[in-house]
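Enquirer: I'd like to ask some things about the structure below.
What follows is calculated from the coordinates using simple rules that are stated; it is not laboratory data. Being a predicted model, the structure only gives us computed values, none of them experimental. Neighbour counts are summed over all protein chains in view; Cβ atoms, including those assigned to glycine, are modelled from backbone coordinates with ideal geometry.
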Amino acid sequence: MEEQSDSQNAKGTKGLTAEEAKERLAKFGPNSIEEKEESWIHRLLKRFWGPIPWMIEVAAVLSASVKRWEDFTIIVTLLLVNAIVDFYQESKALNAIAVLKKKLARKALVLRDGKWQEIDAKEIVPDDIIKVRIGDIVPADAKLLGGGEFLLVDQAALTGESLPVDKKAGDDLYANAVIKQGEMIAQVTGTGKNTYFGRTVGLVAKAQMEERSHFQKMVIKVGNFLILLTLFMIAIIVYHGIVTHQPTVELLIFALVLTISAIPVAMPAVLTVTMAIGARALAAKEAIVSRLAAIEEVAGMDILCSDKTGTLTQNSMSLAEPYLANQYTADELMVYAALASKEENNDPIEKPIFGYIEEKKLHDKLSGWELKKFLPFDPIHKRTEGVYSGKECGLVVTKGAPQVIIEQSNEKEFDKQKAYAQVESFADKGFRTLGVAYRECEEDIYHFVGLIPLFDPPRVDSKEAIREAKAKGISVKMVTGDNIAVAKYIAALLEIGDTIEDVRMLKGESIEEYLYLAQVLSRAITETIQPDGTKEQTEAIVDDIMKKVQRELYNMPIPKGAVKKHESEIVALIEQADGFAQVYPEDKYFIVDELQKADHIVGMTGDGVNDAPALKKADCGIAVSGATDAARAAADIVLMAPGLTVIVDAIKEARQIFERMKSYTIFRIAETIRVIIFMTLAIVIYDFYPITALMIIILALLNDIPIMTIAYDNTKVREKPVRWDMKEVFILASWLGVAGVLSSFMLFWILISLMHLPLDFVQSAFFAKLVIAGHGTIYNTRIDDWFWKRPWPSLPLFSATFFSRVAGTVIAVYGFGLMEPIGWEWAIWMWGYALVWFVFNDAVKMAVLGYYRKKYHEDII
């Protein structure tokens, strides 16, 4: 019945046939704007352009100019390997993101072959009949045909209009506008590049810079610190070389190569790999990451505001015994409720109603009515309404919030107080209640039929997921539009807590705000109502008033002079609350904003178009399963499976990623300190280069490539949210760096001053020591406990670092014309020396961390 009525609203058509759609798709192409993707060759070549590549290229040119072809070959190899590895890892990340985007392909409800079907929006063609409703992003340019009173459309991103605009039958809709309220049928007039949006942007794809997360900003700061430290030490070395009259070209080559080895060339690649791996891991668990940096934000999230319906509960309503007014039967109640619903909308609240109709075979009770107009649910009216014409007379049926339905019904026909008491009784049991009423012909007042109690039971995994989230230091706060009684009932079942607050009380709304609302309404009435109007005119006027009020209240400012609770009082109440009831979408933004002011990292779940501002505002916005296009577009993570368990998995994954990046950062700082400071001291004090430029380049190759496997390392999952503590990072890295300088300088002193070994041999021995000891630091920094404790290193990390050390040892043992060979006996001594200092470094780490904890009374993060 609904399909037929909607088809009739669409100018009597049944929409296109599958064959017609196929022909149009071939003619007009897919409904998408082709992005001019950056070619692989351009992405590869840009790896050779920039400050670090320039330094490597200058070093290569200088080496070639003095015919040091061994140095030239290795330098060029370093340049190519860095570029190719980075290019390969970026390609993997881009491919992963492309796969994830396919899973987020926008859908549209289209009338094909006389039936409403959900298809990919890119398959829409001109002349298709589509349905748009609250929360949808308009998939193509279209002309409204009817099937609803009006649409409230946000097209600010397209036209620059600051407020949503009204649309009615005959008006044009633009692709990518957002439906704020209402529901209508429309006929597609333009797709893809032929839309208003497509003509505006053309075929030029503008790169969209991702907002950097707190963690990424920190890594960049670390990189800048290492660059400044390196340049300072290089300046000392160059000054010393000039004073001692060393060959200028060789001095420059050495300075450049040492700079290259000390600067964290591999850091961007490590970040990219780690983020891509995290995104793929979450995608396998049905969580699609639309902003990679959001994974890191989740690691520090300490408060999660979770929707109740569909996230904590099954979003699958079941019917309980209804309350019937007077002589009405349960079958009549369900038939009236079905007439005030649309089956093709797949509304979870309406599904059990149509399930009842199917079970009782009551379809014949619906077939005698022809739908003329349907008013979808909106937060203002809190009800749906179907207007019908039939064999006898017209019929208007409504269902919605029980208090709304009861108040607009004829109280002489039923016991109003008993009905309200029943609503409270249902609420105490955790039931959500719908009121149902109707009126006939020219009646002015509705006849109350009864109440339908619906229960949305908790998901079987919700209690365990909440318990696990709490164990990980996350405060879970339930957010629901239900009344306090229902919210408390569900919160008790899930063991969330019993402190459920009414948002209206938290916001401290005052009489001044309600007076402001009255002024808005008065102004709207004054502007609209004319004397001597007919009944039909009066009804039209009332509708017009409501539209004006909605428009003005949409971005209503807080009235001046309103009495508000003190900011700290509001924040304290929100922090202490276990959940919030009677929440409107705009209240979610308020909750997030207040918590962020108190330095909390907040996650927020949502599914509706009006949730988009809160999802954007939150440190990590999470669109739950079944969310609208607008909510998915605003979110950082989109859940493809229902429930809270996926979010808990994301928290664990994010904290593991944080640990990997933290250990890499401490390693990178410590290694730079130990190499650059030791080299500077050795050159200034002994007037001798401990290793050659060629050795530095080989070291860089053997160090940077294997270290990327840290993205696969096994790490702890912290029991509390993790925050980046720069003080701890620099203190620990500095002490490990100093220990490394002491280790290297002691060996240097032994070989030069005590044993008086040949300088070429000393350089080769030092090369062996550095290549063996270098990756040992990552085993010091990867956990904050003794190195032999769990979690043990992953096989990829251990294998890559072990075999790179073996390869470096073999090079030092045999020389291969690159350096003086040292033989296996000295190689074994270098392994033993490095192992002793590795244990010493681990003791340094434990001592530093113990002191830090004791002094600052902070947990290790």
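Enquirer: Calculated FRET efficiency, LYS716 and VAL738, Cβ-Cβ r, R0 41 Å, to nearest 0.05?
Expert: For LYS716 and VAL738, the calculated efficiency is 0.95.
Enquirer: Please list, in chain and number order, the residues 5+ apart from PHE580 or on another chain whose amide H is under 5 Å from its amide H, with Hs placed from the backbone.
Expert: Long-range HN contacts for PHE580: MET478, VAL479, THR480, GLU501.
Enquirer: Let me ask something additional. List the GluC sites (Glu not before Pro) within the range 391-462 that DSSP assigns to loop and that have no more than 11 neighbouring Cβ atoms inside 10 Å.
Expert: Passing sites in the range 391-462 are GLU392, GLU442.
Enquirer: If neighbour count is taken as other Cβ atoms inside 10 Å, put TYR686, TYR446 in order from fewest to most.
Expert: TYR686, TYR446
Enquirer: Related question: List the residues, sorted by chain then number, that are 5 or more residues from ASP128 or on another chain and whose placed amide H is less than 5 Å from its amide H.
Expert: Long-range HN contacts for ASP128: VAL188.
Enquirer: Per residue of the range 672-688, what does 6.51 cos²θ - 1.76 cosθ + 1.60 with θ = phi - 60° give for ³J(HN,Hα)? Whole Hz please, x for Gly and Pro, Karplus curve as stated.
Expert: 5, 4, 5, 6, 6, 6, 4, 4, 5, 4, 4, 5, 6, 7, 9, 6, 8
Enquirer: Give, in nm to one decimal, the length gained when the segment between VAL460 and ALA330 is fully stretched (0.36 nm per residue of separation minus the Cα-Cα distance).
Expert: 43.8 nm
Enquirer: How far, in nm, would the chain grow between PHE688 and GLU575 when pulled straight, counting 0.36 nm per residue and subtracting the alpha carbon separation?
Expert: Stretched fully, the PHE688-GLU575 segment lengthens by 34.5 nm.
Enquirer: Could I ask something else about it? Evaluate the distance, in nm, between pseudo-label points positioned 7 Å from the Cα of ARG43 and of ASP593 along their respective Cα→Cβ axes.
Expert: Each label point lies 7 Å from its Cα, and together they span 4.0 nm.
Enquirer: So if each residue of separation counts as 0.36 nm, and I subtract the Cα-Cα distance between TYR239 and PHE840, what length gain in nm does that give? Kindly include the intermediate steps, with their values, before the conclusion.
Expert: Working: separation 601, 0.36 × 601 = 216.36 nm, distance 3.41 nm.
Taking TYR239 through PHE840 to full extension adds about 212.9 nm, to one decimal.
Enquirer: I would also like to ask the following. How much FRET efficiency would the formula 1/(1 + (r/R0)^6) give for GLU358 and TRP829, where r is the Cβ-Cβ distance and R0 is 60 Å, rounded to 0.05?
Expert: 0.10
Enquirer: Next question. Taking amide H atoms as placed 1.01 Å from N in the peptide plane, list the residues 5 or more away in sequence, or in a different chain, whose amide H sits under 5 Å from that of ILE601.
Expert: It is ASP302, ILE303, by chain and number.
Enquirer: In whole Hz and in residue order, list the ³J(HN,Hα) couplings for the range 493-501 that follow from phi through the Karplus curve 6.51 cos²θ - 1.76 cosθ + 1.60, θ = phi - 60°; x for Gly and Pro.
Expert: Those phi angles translate into 4, 8, 6, 6, x, 10, 8, 10, 9 Hz.
Enquirer: Based on the Cα atoms of the range 318-455, what semi-axes does the equivalent ellipsoid have, where each is the square root of 5 times one gyration tensor eigenvalue, given in whole Å with the largest first?
Expert: The answer is 21, 18, 14 Å, longest axis first.
Enquirer: Can you put VAL243, VAL188, VAL396 in order of Cβ neighbours within 10 angstrom, beginning with the fewest?
Expert: VAL243, VAL396, VAL188
Enquirer: Just to verify a number: FRET efficiency for SER568 and SER625, C-beta to C-beta distance, R0 = 41 Å, to 0.05?
Expert: 0.65
Enquirer: Which loop-located trypsin sites (Lys or Arg not before Pro) does the range 740-807 contain, where loop means any DSSP state but H, G, I, E or B and the Cβ has at most 13 other Cβ atoms within 10 Å?
Expert: Hits after loop and neighbour filter: LYS789.
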